[in-house]
Amino acid sequence: MATARTVSGPCQSWPEDHAFIREVLDRIGDKWTVLVISTLSAGSLRYSDLQASIPGISQRMLTQTLKLLERDGLVTRTAYAEIPPRVEYDLTDLGRSLLDAVTAMAEWAVAHHEEIAGNRASAETTGVGRAKTATTRAR
């Protein structure tokens, strides 16, 4: 008879709806979400200003990210009845509650990007995991 393994880590305390928690983690851990939330930390921005503030984001990805963040209650979209029409995006209180975590992740990426780039370059020549072990033994 097999004995049950004890699960450790954060998943152990998750409620039954663990698939939903993974979906939330996917959303808040997405690179565009991190950049949108951190960019909106200074206050509301128009769509075009938000896009100009995030290098590399396409119009499609920004639109998709904003819609998902609005759906989840992290961002508000305010349309003003002006000519030309004006739309602004801002963080909700829930979105602002993510700022410390998002800022910490972005700062970590900035602080360690050179080290990670070096590791990636090294892995290109030596391989990773099983490939690295097989390459090392063959020498």
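The values are calculated or read from the model by the stated rules, or taken from the named source; none is laboratory data. On a predicted model such as this, the values are computed, not experimentally measured, just so you know. Glycine also receives a Cβ, built like all others from the backbone with ideal geometry; neighbour counts cover every protein chain displayed.
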Among the residues of the range 110-124, write down those that are at pLDDT below 90 and either touching a helix residue (DSSP H, G or I) at 6+ places or on another chain (Cβ under 9 Å) or closer than 30 Å to VAL75 by Cα (or both). ALA123
Taking the criterion of being surrounded by 13 or more Cβ atoms within 10 Å (Cβ to Cβ) and touching a residue at least 12 places away in the same chain (Cβ under 8 Å), would at least one residue in the range 5-27 satisfy it? yes
Looking at the structure I just gave you, is SER13 closer than 27 Å to VAL110 by Cβ and out of contact with any Cys (no Cβ under 7 Å at 6 or more places or on another chain)? no
Looking at (1) of a type in the set (Gly, Ala, Ser); (2) closer than 16 Å to TYR47 by Cβ; (3) at pLDDT below 95, which is the one condition that is false for ALA106? (2)
Can you pull out every residue in the range 37-67 that is out of contact with any strand residue (DSSP E or B) (no Cβ under 9 Å at 6 or more places or on another chain), of a type outside the set (S, T, N, Q) and closer than 14 Å to ARG27 by Cα? MET61, LEU62
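Residue-wise test of (1) small (Gly, Ala, Ser); (2) at pLDDT 90 or above; (3) farther than 15 Å from GLU88 by Cβ.
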site	(1), (2), (3)
MET1	no, no, yes
PHE20	no, no, yes
GLU23	no, no, yes
ILE28	no, no, yes
VAL34	no, yes, yes
SER44	yes, yes, no
SER48	yes, yes, no
ARG60	no, yes, yes
LEU68	no, yes, yes
Which listed residue, of THR65, THR103, THR33, THR78, is in contact (Cβ under 8 Å) with a residue 24 or more places away in the chain and loosely packed, with under 12 Cβ neighbours inside 10 Å: THR78
Let me confirm something: among SER53, SER41, which residue is of a type outside the set (A, V, I, L, M), closer than 23 Å to TYR80 by Cα, surrounded by 12 or more Cβ atoms within 10 Å (Cβ to Cβ) and free of Cβ contacts under 8 Å to residues at least 60 places away in the same chain? SER53
